[in-house]
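Encoded as structure tokens, the structure appears first; notes follow it.
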Amino acid sequence: MRTILYTIAVFIFLLSAGTTDKLTAQNARIKIDIDRTIGEVNPLIYGNFVEHLGRCVYGGIYDPDSPLSDENGFRKDVFEAVQGLNVSITRYPGGNFVSNYHWKDGVGPKEDRPSRMELAWNRLESNHFGTNEFMDYAKMMGTEPYFAVNMGTGTIEEAQQWVEYTNVKEGPYYAELRKQHGYPEPHNIKYWSLGNEMDGFWQMGHLNAEDYSKKAREAAKLMRLTDPTIKLIAAGSSNMRPGSNPMEWNRVILDELKDVVDYIALHMYVGNPDDNYYNFQSTPLVLEQRTHLVKGLIDEAMTRSNRGDRDPIYIAWDEYNIWYRWRSSETMSGTRALEERYNLEDALVIAGFLNAFIRNADIVKMANMAQLVNVIAPIFAEKDGMFKQTIYYPLQLFAQNVNGTSLDVFVDCDKYDTDRFFLGLGESQAQLEDVPYLDVSATYKENGEVFICVVNRHKDEAITTDIISQTGLFEGEFEVYEVNGPDVKAENDFGKTTVETVKKTNVKAGGAKITHSFPAHSFTMLKGTIKK
Ligand code: AHR
């Protein structure tokens, strides 16, 4: 009798275990394997951008009349927020601005600098902030400077002279001029882009792909003769308007500049003009598709290049963000241009972009959020204070933590299809099938640290997920950092932080699996350890 009862008990236990397994099988799954790697995450993907546009420079990072500024005119409160972003590389001075910018206007005694009509964004440019002011700020930030030369109305000679001014220690005229301006040591600016968005009809001095390539090649020649150590970035496609042919531009310039440049720059701005949350959330996947397309073009060009030992050309997403609200002729003009205010759904898209950069770490070696302060920016300042916008928080989490080797994650979760939709204003259309509700990237460091970054795109439901390690076991506890808010339209403001990073209760980790429930409309970074 005892044996029969025992057998029944074991049978019931096995049955219930089977039920549990079945429930577990319904969980979403993320599998990571430290042996399946994509590439090293380059810290330069946590870059940013300072353009002479609206209040990014004047009234943003630089405001000499403000009591909140230091002796150099830099806003101290803004700078503190900037530091939180751990900005690895900062692009300067434009953007569209650079295509009619003549750098000599912005050096030397301020009282002698000419005021100019700023034609890209319709402002008066005092030139009180220029090369040396930017370099002072960059040094304070601890960021790598990345300059763009004027390939619109500028000449190749002017580009050469700028490199001489910034990078040559002494001797020639412009190196000596820098010394006279109070900078005895060269700035040693390593990264230079050959113009900005030169495929765009809106660009001052816009060129076709062949003419751009010729001018860029000759500028590169003079710039490299001046300083052979510099890295050069070609202006890739930016014109995504229906009817344009961005990949043809990329193909031609890669073919023409394949032995000359180190990166091709790509730009992408998305938005939610039709207020369709799910369409909007899928936009990082389009950035990823474009990355793959350009990678293919690079691979093809590399088969015919004579680069010798040099690295292949990499992709620099040197402008990316959400920009669709401040996009009329009035809101793109003057001293208060592009002052987009962000909400939670925007922050989730930014986390999606960053995940996409990590998942393509083998080819995306630089990225710059556009821009740093006030102008489509994570930091928003007025005369008497500042606040951190929603998009600040995912960028901060990534930039402060997520480095190492990118892992090839497997994700099994529910999916959705989008409509055919415009990706943003001035953008092409897309239609995507099987968009996973969970958007995931993972990285691993030699010391065993692993970071798993997850956007739950679902607007209403938490997604309980098993995270499975296929090589090595999880150890100790996972720290959980979450960016979320009461609803997807939640915004921050002066004195009101509704969306921010919250540290949640740690998850116990032992063995090959941890289970976590990702709340609706959230971004989560899990930080833990894998022992081989
Ligand atoms: O970042 C704002 C503008 O967007 C830049 O000046 C230009 O390059 C792009 O079109």
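I'd like the full set of residues that are touching a strand residue (DSSP E or B) at 6+ places or on another chain (Cβ under 6 Å), open to solvent by 40 Å² or more (accessible area, probe 1.4 Å) and within 23 Å of Val480 (Cβ to Cβ), limited to segment 409-425. Residues satisfying the conditions are Phe410, Val411, Asp412.
Scanning segment 36-53 for residues that are under 20 Å from Ala399 (Cβ atoms), more than 16 Å from the ligand (Cβ to nearest atom) and not in a strand (DSSP E or B) gives Val41, Asn42, Pro43, Leu44, Ile45, Tyr46. With respect to the conditions (1) within 16 Å of the ligand (Cβ to nearest atom); (2) under 24 Å from the mean Cα position of the chain (by Cα); (3) not acidic (Asp, Glu), His206 falls short on a single one, namely (2). Considering segment 241-261, the residues that are within 21 Å of the chain's Cα centre (by Cα) and surrounded by 23 or more Cβ atoms within 10 Å (Cβ to Cβ) include one that is nearest to Val149 (Cα to Cα), namely Val261. Considering segment 359-385, the residues that are part of a strand (DSSP E or B) and within 16 Å of the ligand (Cβ to nearest atom) include one that is farthest from Gln289 (Cα to Cα), namely Phe380.
Mind checking which residues of segment 144-158 are aliphatic (A, V, I, L, M) and under 26 Å from the mean Cα position of the chain (by Cα)? Can you show your working first?
Taking segment 144-158 and keeping what is aliphatic (A, V, I, L, M), we get 148-149, 151, 156.
If the condition is that a residue be aliphatic (A, V, I, L, M) and under 26 Å from the mean Cα position of the chain (by Cα), then Ala148, Val149, Met151 are the ones that fit.
The single condition among (1) surrounded by fewer than 20 Cβ atoms within 10 Å (Cβ to Cβ); (2) in contact (Cβ under 8 Å) with a residue 12 or more places away in the chain that Pro172 does not satisfy is (2).
Contact map, segment 191-211: first residue under 15 Å from Ala159 (Cβ atoms) and open to solvent by 20 Å² or more (accessible area, probe 1.4 Å), second residue within 11 Å of the ligand (Cβ to nearest atom) and hydrophobic (A, V, I, L, M, F, W, C), Cβ cut-off under 9 Å, separation 6 or more or different chains; pairs are Gly205/Met198; Leu207/Met198.
Only residues that are in a helix (DSSP H, G or I) and open to solvent by 10 Å² or more (accessible area, probe 1.4 Å) were counted across segment 386-401, and they come to 5. Applying the set (1) in contact (Cβ under 8 Å) with a residue 40 or more places away in the chain; (2) crowded, with 16+ Cβ neighbours inside 10 Å to Leu225 leaves exactly one unmet item: (2). Could you please let me know if Val373 is open to solvent by less than 10 Å² (accessible area, probe 1.4 Å) and either under 25 Å from His52 (Cα atoms) or in contact with a Gly (Cβ under 7 Å, 6 or more places away or on another chain) (or both)? The answer is yes for Val373.
The values are calculated or read from the model by the stated rules, or taken from the named source; none is laboratory data. Bear in mind the structure is a predicted one, so any value in this text is a computation, not a measurement. With ideal geometry, Cβ positions are generated from the backbone for all residues, glycine too; neighbour counts draw on all protein chains shown. These accessible areas exclude ligands, DNA and RNA; they are computed on the full protein's heavy atoms, side chains included. Shrake-Rupley method; radii C 1.70, N 1.55, O 1.52, S 1.80 Å.
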